[in-house]
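Okay, so here's the structure we're looking at.
Derivation of every value follows stated rules applied to the coordinates shown; laboratory data play no part. Worth saying up front: this structure is predicted, and the values here are computed from it rather than measured. So basically every Cβ, Gly included, is an ideal-geometry build from the backbone, and we count neighbours across all protein chains shown.
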Amino acid sequence: MCSLGWLAAPAQAQPDSGVAHLRKQGTATQMIVDGKPFLMLAGELRNSTTSSLEFMKPVWSKLVALHLNTVLAPVQWELMEPKPGQFDFTLVDAQIQAAQSYNLRLAFLWFGSWKNGESSYPPAWVKTNLDRFPRAQTKDGKDTATLSTFSAANLDADSRAFAALMRHVKEVDSHHRVIMIQVENEVGLLGDSRDRSAAANKAFAEPVPRELLDYMTSHKDSLYPEFRKAWEAAGPRHPEPGKRSSARPPTRMRSSWPGTMRATSAGGGRGQGRIPGTHVREHLVLHGDRPPGHIERRPAAHVADLWKVGAPAIDFRSPDLHSLNFSDWVDWYHPTPDFPLFIRRPFTPPATTNIFYVMGQHDGIGFSPFAIDELLFTLEPGMMEELERRFSPIRSTNCCSRVLSGPG
């Protein structure tokens, strides 16, 4: 496997009272904004909405009318760095200024190397140079549309851009509008269960990192049940002191390890700024309803332990739920309160009930329907008033006081 030296997260100073941060309260984790617990009643914009300042102008007031307090807004790498090393923060600055004007908070979504298991948003100078920025490959040796995680050039380009974004936000966001950052978007690989390039095959054949096996051994009783069961079925072993082990978790689990590398590389950029809530988003699919390769190497619940070790700069993983059996998925994804729960999903009729379940049963820090701007522009007469009616009880209720105050 790759060297893990660059995975170490930089030491973080204690935040001052004006800076948003995560705080443990009993068994719950709270998002603290302006010194107080903050529940994110959020709405996520479509993937390219923030690319147009004109389109966004009428959106902000409508978001306020829905009683939202946070907007999830993409930052597209291709628009922020159109030429190598030349950064344009016009769109980023406009969002921060609008959030200040409308008293909203922002959660930036970094659309860098990954977007739904593919590389859709890197700049043209990355996409068109396959020699310098190689792609992940399938079994037949064909390039996919996804940048390979085993390329130093890919890693460096994404990391530099993300770090530049973090530095810029720190410099210009004097009112602390940005309270959270998502690293990449639905990381993974389409078309195969893992990268089959020569560099990937070489890494895959190497021993499992000692760091991972040490963690698995010392946390054996608290490993995610599905992960522990698969590891034990493969015959858990541990190396002698000072030696590198040839023991391996099962293939599917092992192939998830390189996927943590890319997200963590960018996550390390957090040291350039002050944004808490650094997280990755996962697209969940029903068990058995898709063949391997739909979106592999994603931060699913059953590989949570891999992410804890391989991506220490990531504060939590956020599931994108599209299933009707909502509570079953949340219970599977969040069996223990070892990280905050922030739910992302489309706006559907039971959304209000689901919000209460996430906040009350799982001490969630937020909930965000997707494509909130599309909903606003396709409303029939009278529907805006109906949406305000639906969201208003959520804004005013005290049902989530357990999250706000924390369990005794």
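With respect to VAL183, determine if the residue is of a type in the set (A, V, I, L, M, F, W, C), assigned to a loop (DSSP other than H, G, I, E, B), touching a Gly at 6+ places or on another chain (Cβ under 7 Å) and buried (at least 20 other Cβ atoms within 10 Å of the Cβ).
no
Kindly provide the set of residues from region 95-151 that are of a type in the set (A, V, I, L, M) and surrounded by fewer than 19 Cβ atoms within 10 Å (Cβ to Cβ), ordered by number.
The initial filter retains those residues of region 95-151 that are of a type in the set (A, V, I, L, M), namely 96, 98-99, 104, 106-107, 109, 124, 126, 130, 136, 145, 147.
ALA124, LEU130, ALA145 - these are the residues of region 95-151 that are of a type in the set (A, V, I, L, M) and surrounded by fewer than 19 Cβ atoms within 10 Å (Cβ to Cβ).
List the helices (runs of 4 or more DSSP H) inside region 60-159, counting only whole elements, that have at least 1 residues being among the small types (Gly, Ala, Ser) and closer than 19 Å to GLU171 by Cβ.
Because the criterion is at least 1 residues that are among the small types (Gly, Ala, Ser) and closer than 19 Å to GLU171 by Cβ, the helices (runs of 4 or more DSSP H) in region 60-159 that meet it are 90-101.
So which residues in region 187-215 are of a type outside the set (Gly, Ala, Ser), surrounded by fewer than 21 Cβ atoms within 10 Å (Cβ to Cβ) and either in contact with a helix residue (DSSP H, G or I) (Cβ under 8 Å, 6 or more places away or on another chain) or closer than 30 Å to GLN100 by Cα (or both)?
PHE204, VAL208, PRO209, GLU211, TYR215
For the subset of region 23-59 comprising residues that are touching an Asp or Glu at 6+ places or on another chain (Cβ under 6 Å) and outside any loop (DSSP other than H, G, I, E, B), which member is nearest to GLY364 (Cα to Cα)?
ALA28
What number of residues within region 152-166 are out of contact with any strand residue (DSSP E or B) (no Cβ under 7 Å at 6 or more places or on another chain) and surrounded by 15 or more Cβ atoms within 10 Å (Cβ to Cβ)?
Qualifying residue count for the region: 8.
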